[in-house]
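Take a look at the structure below.
We did not get these values from a lab; they are worked out from the coordinates using the rules stated. Note that this is a predicted model, so its numbers are computed, not measured. When we count neighbours, we look across all protein chains shown, and the Cβ atoms used for this are built from the backbone with ideal geometry, even at glycine.
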Amino acid sequence: MEYLMDLRLWAKKLDAIGKLKKIKGASWDLEIGTLWDIIGSQPDPCSALFSEIPGYPKNFAVLVNPQNSQRISALACGMSEEDSLLPPLEYVRNLKSRMKKIHDQPRIPPVTVKEAPFFENVDEAGNIDLYKFPAPRWNQGDGNEDQNRYIGTGCVCITADPDSGTVNLGIYRIVIHDEKTLGLYMSPNKDGMANMKKYHAAGKPMPIAVTFGQDLITYWAAEHKHPHAESEYEYAGGIRQKPIEVVIGAHTGLPIPASAEIVIEGFVHPNDLRDEGPFGEWVGYYSTGTKPESVIHVKSVMFRNDPIIFGHPHLKAEAVGMPWRWAAAVWNRLDACGVPDVKGVWAYGQLWTVVSICQRYPGHARQAGIVASQTKPGSIGARFTIVVDDDIDPSDSQAVLWAMGTRMNPIEDIEIIRRSWSSSIDPMIPPNTPAAACFTSKAVFDACKPYEWRQQFPSATGPSLELRASVYEKWKSLL
Ligand SMILES: Cc1cc2nc3c(=O)[nH]c(=O)nc-3n(C[C@H](O)[C@H](O)[C@H](O)COP(=O)(O)O)c2cc1C
């Protein structure tokens with residue numbers, strides 16, 4: 001698992017299993033982004049390591065992981081080689097148990113160390129030049145001629161609650177404004193934003209540290225939705241089963257992961273905004289537009305020799321891909337809410353959720369659908385939740401469409417929930433809508449056989465899931 005604690009070991013691991021494309025000579029200006037769009041949109045894509053970027057030292061690099069590869073996603077969160085190759089729904093079941101175990105176990109606080117590889121290079125004051133790094137312009141529509149180089153797409157932003165001292169890690173995109181200034185986009189419901197509001201209400205600047213390349217465990221913890229009072233570092237320690245090593249930042253006093261490739265420390269001042277965006281969002285649109293957003297005044301830049309930027313730009317192909325974590329998270333929430341007999345959950349990206357149940361009582365299907373549609377992971381992007389019987393594999397989109405087409409009477413079986421959760425990233429929010437009015441409706445499709453006459457419902461043709469699975473197991477080497 002130690003390869004998860006160092007981006008370089010991770011790249012070696014990917015290379016060893018034939019899942020790393022090494023591309024030399026691509027330009028930061030749209031070439032890296034476009035190559036990534038091509039590579040990352042393939043079925044079961046590889047990761048990519050871009051180096052020898054024109055205009056930069058040969059070994060300054062950019063590494064991108066795909067979200068659509070089950071194998072890479074599994075290995076990146078510490079699952080075994082064997083588990084990474086499970087059939088899709090089995091893999092989600094396995095991931096769900098793993099996420100629950102990590103969540104339930106005792107937290108392991110980080111440990112402070114004095115040394116870190118990023119002290120190899122320290123730039124302060126007049127030496128700071130953020131253009132030193134090959135930050136890509138990922139998409140043609142990103143930003144404008146003054147700001148379009150997003151150094152932070154897979155970055156970890158470290159802030160603290162000024163009252164409780166609780167440290168928060170979040171992934172918020174970061175653009176270069178000039179040699180010493182960065183633009184930061186945090187949406188209103190984020191913990192980093194809550195911390196900033198507290199500092200600014202007291203008339204103080206918010207200290208912030210950002211890593212632009214770090215170990216995968218800290219990144220995974222930062223990506224997760226945790227309650228405000230929970231520490232992502234402790235959660236990451238729980239995943240690792242060992243504390244995460246951190247260095248205390250000289251300017252901010254914030255704990256910085258020792259695994260970082262590139263780190264900045266800086267301050268976000270009240271009422272100091274600059275135009276930022278648009279950026280190619282995960283929904284597949286430039287939906288946030290250009291808006292005045294916060295600015296980071298950089299006080300120091302530290303980086304390893306031959307630093308690697310970790311990139312995580314969004315691909316349209318992933319909007320309905322990358323299902324695993326979302327599905328596992330919704331499934332755990334359904335269990336926690338006491339919805340019984342859930343047999344499988346699948347997510348078509350963050351846009352569609354499908355729940356399969358063994359119907360136990362009248363109203364069970366609506367309960368499962370409505371609860372799933374309102375869980376945090378099932379609600380943050382998904383407008384549509386579909387509930388199917390347990391003879392339907394929710395990861396099989398054809399089977400789901402077949403169930404919808406044959407087991408639904410639209411006038412009875414579509415529930416609409418009005419004024420539900422959305423955000424300004426939602427492309428269906430009309431122009432100029434204030435943040436306080438960003439609602440959407442959500443639909444739950446009950447594609448289960450009608451409960452009261454399900455026993456008389458015509459029998460479906462084809463083998464049962466169990467028969468299919470056992471025959472598959474026996475014959476899989478020939479299939
Ligand atoms: C690749 C990626 C990019 C993201 N970009 C942003 C962003 O620019 N702004 C934002 O507010 N959230 C963004 N998010 C979502 C947050 O990082 C995520 O919701 C995280 O859990 C927030 O943590 P927090 O609730 O502790 O703030 C991004 C997530 C990922 C995986």
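Database remark: amide H of Ser422 closer than 5 angstrom to the amide H of Thr440 (H placed geometrically; neighbours at sequence offset of 5 or more, or on other chains; Pro and chain starts carry no H).
3J(HN,Hα) couplings calculated from phi for segment 162-170 with the Karplus curve 6.51 cos²θ - 1.76 cosθ + 1.60 (θ = phi - 60°) are, in sequence order, x, 7, 8, x, 4, 8, 10, 10, x Hz; Gly and Pro show x.
Shape analysis of segment 320-478 yields a ratio of the Cα radius of gyration to the Kirkwood radius, Rg/Rh, of 1.01.
Taking a straight line from the alpha carbon of Lys449, these lysines sit under 29 Å away, with near neighbours fewer than eight places off in the same chain left out: Lys96, Lys343, Lys376. For all pairs of alpha-carbon atoms in segment 31-103, what percent lies in each bin of width 10 Å, listed from the first bin to the last filled one? That works out to 18, 38, 26, 15, 4, in percent per bin.
Shown for Asp37, Asp341: other C-beta atoms within 10 Å of each C-beta, ranked fewest to most, produce the order Asp341, Asp37.
Measuring max minus min along each principal axis, the C-alpha atoms of the chain give extents of 79, 52, 44 Å (largest first). Charge tally around Pro66: other residues with Cβ under 12 Å, Lys/Arg +1 each, Asp/Glu -1 each, net 0.
Based on DSSP H segments of at least four residues, each scored -39500 (n - 2.57), the chain has a per-residue ellipticity at 222 nm of -8000 deg cm²/dmol. Find the centroid of the Cα atoms in segment 50-90 and in segment 211-226, then give the distance between the two in whole Å. Cα centroid to Cα centroid, the span is 14 Å.
What angle, in degrees between 0 and 90 and rounded to the nearest 10, separates the Cα long axis of helix 31-40 from the longest principal axis of the Cα atoms of the chain? Helix 31-40 and the main axis of the chain meet at about 20 degrees.
With only Lys, Arg, Asp and Glu charged, each at its Cβ (+1 for the first two, -1 for the last two), find how big the charge dipole of segment 320-478 is about the Cα centre; round to the nearest 20 debye. It would help to have the intermediate numbers written out before the result.
Details: 16 positive and 15 negative charges, 72 e Å.
So the dipole magnitude of segment 320-478 works out to roughly 340 debye.
Taking a quarter of the surface of the Cα convex hull of segment 416-465 gives a mean projected area of 6.3 nm².
Using only the Cα atoms, work out Rg/Rh for segment 237-285, with Rh taken as the Kirkwood radius, to two decimals. Spell out each step's value before the answer.
Values: Rg = 16.4 Å, Rh = 14.5 Å.
Radius of gyration over Kirkwood radius for segment 237-285 works out to 1.13.
Annotation: aspartates and glutamates with alpha-carbon distance below 17 angstrom to Lys24 (same-chain offsets under eight excluded): Asp15, Asp37, Glu52, Asp306.
For segment 236-318, just say rounded, prolate or oblate: build the C-alpha gyration tensor, square-root its eigenvalues into a ≥ b ≥ c, call rounded for a/c under 1.5, and beyond that prolate if a/b exceeds b/c, oblate if not. Please list the in-between numbers first.
Values: a/c = 2.14, a/b = 1.30, b/c = 1.64.
Oblate.
Between 0 and 90 degrees, rounded to the nearest ten: what's the tilt of helix 324-336 against the longest Cα principal axis of the chain? So the helix axis and the longest Cα principal axis differ by about 60 degrees. For the chain, the longest principal axis of the alpha carbon atoms and the long axis of helix 364-374 meet at an angle near 10°.
Can you sort Trp352, Trp421, Trp331 so the residue with the fewest Cβ neighbours within 10 Å comes first?
On the way: Trp352 22, Trp421 17, Trp331 30.
Ranking Trp352, Trp421, Trp331 by Cβ neighbours within 10 Å, fewest first, gives Trp421, Trp352, Trp331.
Per the Kirkwood treatment, what hydrodynamic radius in Å, one decimal, follows for segment 274-373 from the mean inverse distance over all distinct Cα pairs? Let's see the in-between values first.
Working: mean 1/r = 0.0586 Å⁻¹.
That comes to 17.1 Å for segment 274-373.
Within a straight-line Cα-Cα reach of under 18 Å, Lys299 can be paired with the following lysines, leaving aside sequence neighbours fewer than 8 residues apart in one chain: Lys132, Lys180, Lys204. Only one residue of Ser187, Ile208, Tyr172 has its Cα farthest out toward the positive end of the dipole of segment 152-216, where Lys and Arg carry +1 and Asp and Glu -1 on Cβ, and that residue is Ser187.
Think of segment 320-478 as having a plus end and a minus end, set by charges on the Cβ of Lys, Arg, Asp and Glu; of Val339, Ser422, Ser397, Ser422 sits farthest toward the positive end of this dipole.
With viscosity set to 0.692 mPa s and temperature to 37 °C, compute the Stokes-Einstein D of segment 119-175, Rh being the Kirkwood radius across alpha carbon pairs; µm²/s, no decimals. Mind dumping the intermediate values first?
Details: Rh = 13.8 Å.
Translational diffusion coefficient: 238 µm²/s.
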